[in-house]
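A short write-up of the structure that comes next.
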Amino acid sequence: MPHETHTGRVQLVGAGPGAADLLTVRALRAVEGAQALLYDALVGEEILALAPVACLKMQTGKRAGRTSMKQETINRLMLRLARKGLRVVRLKGGDPSIFGRVGEEAAFLDAHGVETEIVPGVTAACAAAAQFGFPLTHRGEARRVVFATATTRDGALTESGWAAAGDPQTTLALYMGRDQLAAAADRLISHGRASTTPALAIENAGRPDARAVSGTLEDLAASLASQAFDGPVVLLIGEVVARSSAFTLQAPPLAAEAM
Ligand SMILES: C[S@@+](CC[C@H](N)C(=O)[O-])C[C@H]1O[C@@H](n2cnc3c(N)ncnc32)[C@H](O)[C@@H]1O
């Protein structure tokens with residue numbers, strides 16, 4: 001598509017997992033300089049408060065099944081604001097390049113002659129691992145990390161790609177996987193993961209109110225179902241997860257029963 005007249009600039013910025021002190025300095029500068037801020041549902045008040053008072057702030061996504069702005073509407077809005085000459089910041093939870101649709105937005109703006117800059121952010125899996133004290137890779141235990149989503153656009157289980165996480169030396173970070181955990185665990189076990197593989201569900205990773213439920217690939221779904229988690233949840237699966245404080249600080253079930 002031929003470029004239209006070049007106008008404006010949009011920064012596509014990762015806000016990190018929610019705590020303001022996990023913003024990058026570049027992201028902070030972008031927010032502080034924004035004249036128009038289009039933000040996703042996972043971006044919290046603490047970060048929005050960093051934008052100038054006069055900044056036009058618009059929420060584009062709503063959680064818990066409520067309606068979100070259509071992607072086409074968001075794209076058109078960014079374009080219109082950039083063409084007005086405003087400094088536009090599109091703020092997304094975590095890292096914009098991980099399940100953040102940044103590729104679609106950048107391509108749309110580029111096709112309309114609007115310059116974009118992507119500012120990375122701390123993704124949920126990295127925030128969770130740091131907060132609960134374990135590495136995503138570890139010599140001799142985990143030689144690769146797979147960032148994956150468990151669900152397709154209509155909410156069903158993703159059918160392809162499970163073999164990529166079947167290797168015992170892979171740490172799997174599963175996004176948008178809470179409701180599909182039991183089915184995802186079955187797929188992983190059928191692709192060679194031991195049912196005893198350590199697994200962790202972390203809600204609100206990177207925030208002061210983060211909570212974790214630990215278990216194994218086989219039993220984590222049942223443990224998670226008994227928790228009233230309503231914040232975003234990332235699942236981490238792999239041998240390194242046993243190094244987490246969520247495992248080491250918790251009394252083993254047998255010892256607890258013996259008391
Ligand atoms: C559309 S994806 C966006 C991911 C985001 N771009 C990132 O890099 O973290 C939304 C999913 O990310 C995960 N997620 C995002 N923020 C989270 C947080 N603070 N704690 C736990 N999981 C989170 C959850 O699985 C949630 O359903």
### Summary
Excluding near-sequence neighbours (fewer than 8 apart on one chain), the chain holds lysine pairs with C-alpha atoms under 16 Å apart numbering 5
### Query
Within the stretch 98-180, what percent of beta bridges assigned by DSSP are antiparallel, to the nearest 5?
25
### Task
Give the Kirkwood hydrodynamic radius (Å, one decimal) of the chain, defined as one over the mean of 1/r across all pairs of different Cα atoms.
19.5
### Query
According to the square roots a ≥ b ≥ c of the eigenvalues of the Cα gyration tensor, what is the shape class of the stretch 9-119, taking rounded for a/c under 1.5, prolate for a/b larger than b/c otherwise, and oblate for the remainder?
rounded
### Task
Work out the charge dipole of the stretch 9-119 with +1 on the Cβ of Lys and Arg and -1 on the Cβ of Asp and Glu about the Cα centre, then indicate which of G93, Q71, A41 is farthest towards its positive end.
Q71
### Summary
Put in order of increasing Cβ neighbours within 10 Å, starting from the fewest, I189, I118, I202 give I189, I118, I202
### Query
So what is the relative contact order of the stretch 1-157, in percent, for Cα pairs below 8 Å that sit 6 or more residues apart?
35
### Task
Helix by helix through the chain, keep the DSSP H runs that span 15 Å or more along the axis on Cα and average at least -1.0 on Kyte-Doolittle, and give those back in order.
71-83
#### Entry: Unit charges on C-beta of K, R, D, E only; dipole of the stretch 91-148, Debye
440
### Message
Antiparallel versus total DSSP beta bridges in the stretch 9-119: what percent is that, nearest 5?
### Response
5
### Task
Please identify every one of the trypsin sites (Lys or Arg not before Pro) in the stretch 112-150 that sits in a loop by DSSP and has no more than 15 other beta carbons within 10 Å of its own beta carbon.
R139, R143
## Note on the structure
Out of A222, L236, A15 - ranked by how far each Cα lies towards the positive end of the dipole of the chain, with unit charges on the beta-carbon of charged residues - the top one is A15
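FYI, it's all coordinate maths here, none of it is from the lab. These numbers were taken from a predicted model, which means no experiment stands behind them. With ideal geometry, Cβ positions are generated from the backbone for all residues, glycine too; neighbour counts draw on all protein chains shown.
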